[in-house]
Amino acid sequence: MKNKHKTTHILITNDDGVHAPGILALQSALRRVPNTSVTIMAPAENQSAVGHRKTMHKPLRVNPVTLSDGNTAFACSGSPADAIALALMGFVNDPVDIIVSGINQGPNLGQDITYSGTVTAAMEAALFGIPAIAMSFDSFTEQTFEEAAAVAVKLVPVVLEKGLPDLTLLNVNVPCAGIKGIRLTRQGRRHYHDVLIERIDPFGRPYYWIGGEQPTGDIDEVGTDVWAIANDYVSITPIRLEMTARNFMPEIEEWHLENLEI
Ligand code: MN
């Protein structure tokens, strides 16, 4: 097995903020793996649903913080992807073997992944050529992250041994009500139920909220991530950053866009 004679260096991040309980459970479990060292670099504040945001027009700040179990972490001012870039571009001296992002409070299924700071942090790692796992827990309220952390402990050595292809990461979701097993899945179809709410501020100007009920999904599509979680399976989906719609190519070729007069 790779890394047999050296310490495995795991970089942990999380979009729920450096003090989130999901990060605490994950780092605690991974620190117990023999010959493992852990570095934590995560946004200081909750950055859920910021997507693959890159901070370009203001400086990034990094501060060491002490977690509630006494371990140290780095809190940064940017997005989860900024946290990964900061760490990999030189803030962290020791080479990173693998990145685990999470454990997120709430699932990241289907089309959630483009919103998700948890998954986009793993995407940033994939851009750097570092194997990455995004871990999410299927509850917005329950803080029992131990089973999900145990999944990460089992998965990390496999990914280290096998490696991941170029521009590829693993998106892992863990059910809340007990684990029936593990399923390799494809992305399913999410349905969002947000509504636009207009209100008036004290100065008479309108302002807006976009929000609503939690998303649902096509849970009857067997083999998808939404199906797996709905049936209490751990869902593992390999995700690529090469997002060309190959199944649409034959049809759009018939549009002959190359003949548009410009
Ligand atoms: Mn989050």
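Derivation of every value follows stated rules applied to the coordinates shown; laboratory data play no part. Values in this document were obtained by computation on a predicted structure and should not be read as measured data. Positions of Cβ are backbone-derived with ideal geometry, glycine not excepted, and every protein chain shown enters the neighbour counts.
Anisotropy class assigned to region 131-171 is oblate, per the alpha carbon gyration tensor with a/c at or over the 1.5 cut-off and a/b no larger than b/c.
Nothing charged except the Cβ atoms of Lys and Arg (+1) and of Asp and Glu (-1): what's the magnitude of the dipole of the chain about its Cα centre? Round to the nearest 20 debye.
Numbers: 20 positive and 30 negative charges, 218 e Å.
Its charge dipole is roughly 1040 debye.
Residue separation of Thr141 and Lys162 scaled by 0.36 nm, minus their Cα-Cα distance, works out to 4.1 nm of gained length. Overall, region 135-199 carries a charge dipole of about 300 debye about its Cα centre when +1 sits on the Cβ of Lys and Arg and -1 on the Cβ of Asp and Glu, all other atoms neutral.
By the helix-only formula, in which each DSSP H run with n ≥ 4 contributes -39500 (n - 2.57) and the sum is divided by residues, the chain has a 222 nm mean residue ellipticity of -6500 deg cm²/dmol. Taking a point 7 Å out from the Cα of Val153 in the direction of its Cβ, the residues of region 63-98 whose backbone N falls within less than 18 Å of it are 69, 71. Quick one: if the Förster radius is 22 Å, what FRET efficiency do Met243 and Ile210 give, using the C-beta to C-beta distance and rounding to 0.05? Once rounded, the FRET efficiency stands at 0.40.
Would you please give the FRET efficiency between Val222 and His191, computed as 1/(1 + (r/R0)^6) with r the Cβ-Cβ distance and R0 = 25 Å, to the nearest 0.05? Please report the intermediate quantities before stating the final value.
Numbers: r = 18 Å, r/R0 = 0.70.
So the FRET efficiency works out to roughly 0.90.
Using the Cα gyration tensor of region 80-219, with a ≥ b ≥ c the square roots of its eigenvalues, what is the shape: rounded (a/c below 1.5), prolate (a/b larger than b/c) or oblate (neither)? In terms of gyration-tensor shape, oblate.
So, counting K/R as plus one and D/E as minus one, what does the shell of residues with Cβ under 12 Å around Ala87 add up to? Cβ neighbours under 12 Å give a net charge of -3. Considering only the Cα atoms of region 138-249, their convex hull presents on average a projected area of 11.1 nm².
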